[in-house]
Amino acid sequence: MAWDPAARQHGRGTGDQLRWDRAGCGYYNFNKRTVFDFFRDVADNGWEAAISDRLEWSRMRMDPTDIADVTGYTYTFLVNGKPPKANWTALFKKGERVRLRFINGSAMTYFDVRIPGLKMTVVQADGQDVQPVAVDELRVAVAETYDVIVEPEGDRAYTLFAEAMDRSGYARGTLAPRAGLSAPVPERRPRPLLTMADMGMAHAPMSGPQPAGMAGMDHDGQTEAMHGMAHGAMDADNANDMTAMMHGPDDHGPSTDMIAMMPKNRLNEPGIGLENSGRRVLVYTDLRSAEPGYDLREPDREIELHLTGNMQRFIWSFDGKKSSEAKSIRLRYGERVRFTFVNDTMMNHPLHLHGVFSELDNGAGAYKPRKHVINVKPAERLSFEVTADALGEWAFHCHLLYHMEAGMFRKFVVAKDIAASS
């Protein structure tokens, strides 16, 4: 089943919604913090902590409630073309196992998917077989696909519930033994709230006066130290090497309004809003290919790209350059390349490298999962490997439509007769 939100009310097309996002940061965010939230923070944490938190977010010119660029205010979320009240229904026979394919066909929306009363066994990711893993819930990024097996019991219906990540709406269907049945629709959970830790700022040095925007920060002469530590582990306590690294000096230009000072590997985290759900949530470290990879060579080289953006101006880019300003990424046919992404923004980005499989480096060794789309969380640093075995020119982009439209797009070329360079 596919989710594809239909636009309604404000905005009839990409141009309208993109214009409104550029006109004002958080145009669709109706959940911004108020003075009442401030006084609640004071009661919980004290005046100093509450004021300090507000100042930090103000310096970054961001809001911790800004989870999605476009929300349920504008979209109606659909299951196979049907809105929640239409109750799209899939039928099953008593005792049979059912395979469901969840396809996020939306333009801008992440969905948290669950079927109350049923375990889901994930067996494919982006059409590639994985070793089965049983979960209660999974987050499906834009353009991701997951296949799951469920075993419904009894003469009853089950709700297929896909809740938007910012909790502004949901898509809903039903799994039932016969037509006309329905099950209760869960209440939407409270909207999540970003923290400084989510932004990679929890342990960043913040001394000295700070200009508006994090790109221009002066860390009292620590630039050289940060540069030297950019590839050094800062926290090696986690057995899965979930290390935090100090960001090197930022040189990504005016199209970047912040940097995540302590990006880290977050592959074992379920994502914002799912941290304390009480459910078994799928994470990327759960994914292991059903078979060893077909190319187990060590990479010939590494290409590091930073995901960058300016929230106020709604500019999105790689390394601070829009697609129109950047050179193509050039790969030599047959070479093995390791890509490392560092997300310097407060948004999730589902990245799609066309033409080749991306083998996610999630600790699975020879069983790295092969994916077409890899989601990169805020302040996350992750790597994957590709074998350049498809000649031609290929697209590489963020699959959030307006991020791609605003500049988060690159072309990469695979050819036999070029010197490989990035």
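Computing FRET efficiency as 1/(1 + (r/R0)^6) for residue 96 and residue 340, where r is the C-beta to C-beta distance and R0 is 45 Å, gives about 0.55. For the residue pairs 82/321; 322/416; 119/371; 264/321; 82/322; 119/368, the alpha carbons lie more than 29 Å apart in 82/321; 82/322. Label sites at residue 119 and residue 276, each approximated as a point 7 angstrom past Cα along Cα to Cβ, lie 2.7 nm apart.
With R₀ fixed at 30 Å, the C-beta to C-beta distance from residue 181 to residue 136 puts the FRET efficiency at about 0.85.
The residues 140, 413, when put in order of fewest to most other Cβ atoms within 10 Å, stand as 413, 140.
The length gained on full extension between residue 354 and residue 188, counted as 0.36 nm times the residue separation minus their Cα-Cα distance, comes to 56.3 nm. Every pair of different Cα atoms in the range 306-394 enters the Kirkwood calculation, which places the hydrodynamic radius at 14.2 Å. Full extension of the chain between residue 155 and residue 291 gives 45.2 nm of extra length, using 0.36 nm per residue less the Cα-Cα distance. Using 0.36 nm per residue and subtracting the Cα-Cα separation, the extra length available between residue 417 and residue 86 on full extension is 113.6 nm.
Coordinate-derived values only; no laboratory data. Not measured: the values here are computed from a predicted model. Here Cβ is always computed from backbone atoms with ideal geometry, including for glycine, and neighbour counts include all displayed protein chains.
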